[in-house]
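The block underneath contains the structure these notes are about, expressed in structure tokens.
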Amino acid sequence: MYLKHISLIFIGILLFNCETKTGKKNETKKDSILVSKRFPFKLPEQKPNIPLSKALERNYEAYLGPTPQKNELYSQFKYTKLKGFDYNNHDGTISRRDPSKVIYHNGKYYVWYTYRNTKTPPIGTKNADKATDEIPSSDWDLAEIWYATSKDGFTWKEQGVAISRPPKPNVGWRSVTTTDILEWKGKYYLYYQGFMEVSGKRGDDCPVAVSYANSPDGPWTPYNKIVIPNGGEGEWDQFSIHDPYPLVYKGKIYLYYKSDFNGQPNLIRMQGLAIADNPLGPFKKHPLNPIMNSGHETTMFPFKNGIAALVIRDGNEHNTVQFSEDGINFEIASITNLMPNAAGPFIPDAFTNTNDGRGISWGISHFTNATNWSQNHAVLARFDCDLSQDINDPSMKKNHTYYKPEHYYKHGLNKIQKERVLAETNALKTK
Ligand code: AAL
């Protein structure tokens, strides 16, 4: 009997030890091995060698760091109103939008952009048939390419027109818009959308043209040929080649662009790539186009050995920063919000054919419909971020952005939604 009591006490001690060691009731030896394989309290910097869920596998495989704070391609975005641009009291007659990348030359920053100055605000692409030589359909109809310079990136001095509309039938006679800059072997090239009909007549249809100069101050000579043509009939980019965006990568000109396709009312926007050895072409469209399944205006930058992209507004993967090691196959590198629209970053190594892209920390973007649709116009703004290997700004790496309730209430239910919600409640009453 005595022996039985002693052995029961001994087993109790054993179990107690086992319990205290694992901290859990009735854990077996096998469970206790699992316990040492349980995910630890301190987040491992590297992927731990233990069984992981898909989400945790992805957390270590898909991103450059296990948290946004450790992810070089995650950032918040901060915005600053620019000084130096007049908008006629925002009455809709003057618009500035779709800025180029920013370059630095002779002690000044340069930016080029779509400039519209018309007697009336745009009447809307749905009213394209009522547009005239003086009345614009869209905010970018009857536009020119203007430019401005700045000593600090905040206060700008508008320099005036860089590319004016050429006479009919030259490419861009209706409107020249949405430009971007390339510096190549000491010369400068401005690529831009060249409209040869009113935007909205069929759609927002245009090819891409180019002008060149020996100085960023011009004078600019139009190539007067289509340099990125629309795709063939039935191809995704058959109607619009938007947002031309050249970088120098792997010794060639990688020109990214957007196309609106699928047709109204379910317009889809994706992005393509055309590559050339010469700024005036021929550009060869990549066989894997579209190379980006989401996005709107194009914003790419060299990053480490590849190309990174700000992917905004449209598609399953909008509101992401993406990365590709070959400039073609992009994958999500981070998810963020309040991203800059039509961002034109300052990219010191945009044209240096680098294989260690340093990234970006600021640029110029735009806000469209800056006041209301009856005075529809866009304004330029500065954005700042930390997507750079050369800065470490923890306040750009926070993942919370706080808005006041009124900000949310502005995005309220529409009439149809309110009716649906009320009907759901009424349906409950009749049950
Ligand atoms: C912009 C750009 C292109 C489109 C229009 C003006 O955001 O995508 O330039 O054509 O909208």
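Thinking of the stretch 116-211 as a set of Cα atoms, what percent of all their pairs are more than 24 Å apart? The calculated P(r) of the stretch 116-211 puts 27 percent of pairs beyond 24 Å. With the Kirkwood sum run over all distinct C-alpha pairs, the stretch 42-85 has a hydrodynamic radius of 12.9 Å. In this structure, the amide hydrogen of Phe303, modeled 1.01 Å from its nitrogen in the peptide plane, lies closer than 5 angstrom to those of Ala308, Gly357, counting only residues at least 5 positions away or on a different chain. The stretch 238-262 and the stretch 59-113 have Cα centres separated by 19 Å. For the pair Lys398 and Lys429, the difference between a 0.36 nm per residue extended length and the Cα-Cα distance amounts to 6.6 nm. Here the Gaussian network model covers the chain, with springs between Cα atoms less than 10 Å apart; of Lys252, Lys157, Lys410, Lys410 fluctuates the most. Once the Cβ-Cβ distance of Ser53 and Glu325 is raised to the sixth power relative to R0 = 22 Å, the FRET efficiency obtained is 0.25.
Here the dipole of the chain is about 1560 debye; that uses its Cα centre as origin and unit charges on the Cβ of Lys and Arg (positive) and Asp and Glu (negative). A dipole drawn for the chain from +1 and -1 charges on Cβ atoms has a positive end, and of Pro282, Leu255, Ala143 the residue lying farthest that way is Leu255.
Our compactness index for the stretch 149-274, the C-alpha radius of gyration over the empirical 2.2 N^0.38 Å, is 1.12. Counting every pair of alpha carbons in the chain, the share spaced more than 37 Å apart comes to 35 percent. Placing unit charges on each Cβ (+1 for Lys and Arg, -1 for Asp and Glu) gives the chain a dipole about its Cα centre, and among Pro345, Pro44, Asn71 the Cα reaching farthest toward its positive end belongs to Pro44. Apolar share of the accessible surface for the chain: 55 percent from carbon plus sulfur atoms, 1.4 Å probe. Rounded to the nearest 20, the size of the Cβ-charge dipole of the stretch 35-149 about its Cα centre is 860 debye, with Lys and Arg at +1 and Asp and Glu at -1.
Fully extending the segment from Asp129 to Lys250 would add 39.1 nm, taking 0.36 nm per residue of separation and subtracting the current Cα-Cα distance.
Hey, how many Å between the Cα centroid of the stretch 120-172 and the Cα centroid of the stretch 353-431? The distance from the Cα centre of the stretch 120-172 to that of the stretch 353-431 comes to 26 Å. Over the stretch 298-431, what portion of Cα pair distances is larger than 20 Å, expressed as a whole percent? Pairs farther apart than 20 Å: 60 percent.
In summary, the aspartates and glutamates within cross-link reach of Lys285, defined as a Cα separation below 17 angstrom excluding same-chain residues under 8 places away, comprise Glu233, Glu235, Asp237, Asp243, Asp260, Asp277, Asp326. Karplus-based coupling profile of the stretch 206-211, in residue order and whole Hz: 6, x, 10, 10, 8, 10, with θ = phi - 60° in 6.51 cos²θ - 1.76 cosθ + 1.60 and x standing for Gly or Pro. The 3J(HN,Hα) values that the Karplus relation (6.51, -1.76, 1.60; θ = phi - 60°) gives for the stretch 257-264 are, in residue order, 8, 10, 9, 8, 9, 6, x, 5 Hz. Gly and Pro appear as x.
The values are calculated or read from the model by the stated rules, or taken from the named source; none is laboratory data. All values derive from a computational prediction rather than experimental measurement. Cβ sites come from the backbone with ideal geometry, for glycine too, and all protein chains shown count toward neighbours. All accessible areas refer to the heavy atoms of the entire protein, side chains included, with ligands and DNA or RNA removed. Shrake-Rupley method; radii C 1.70, N 1.55, O 1.52, S 1.80 Å.
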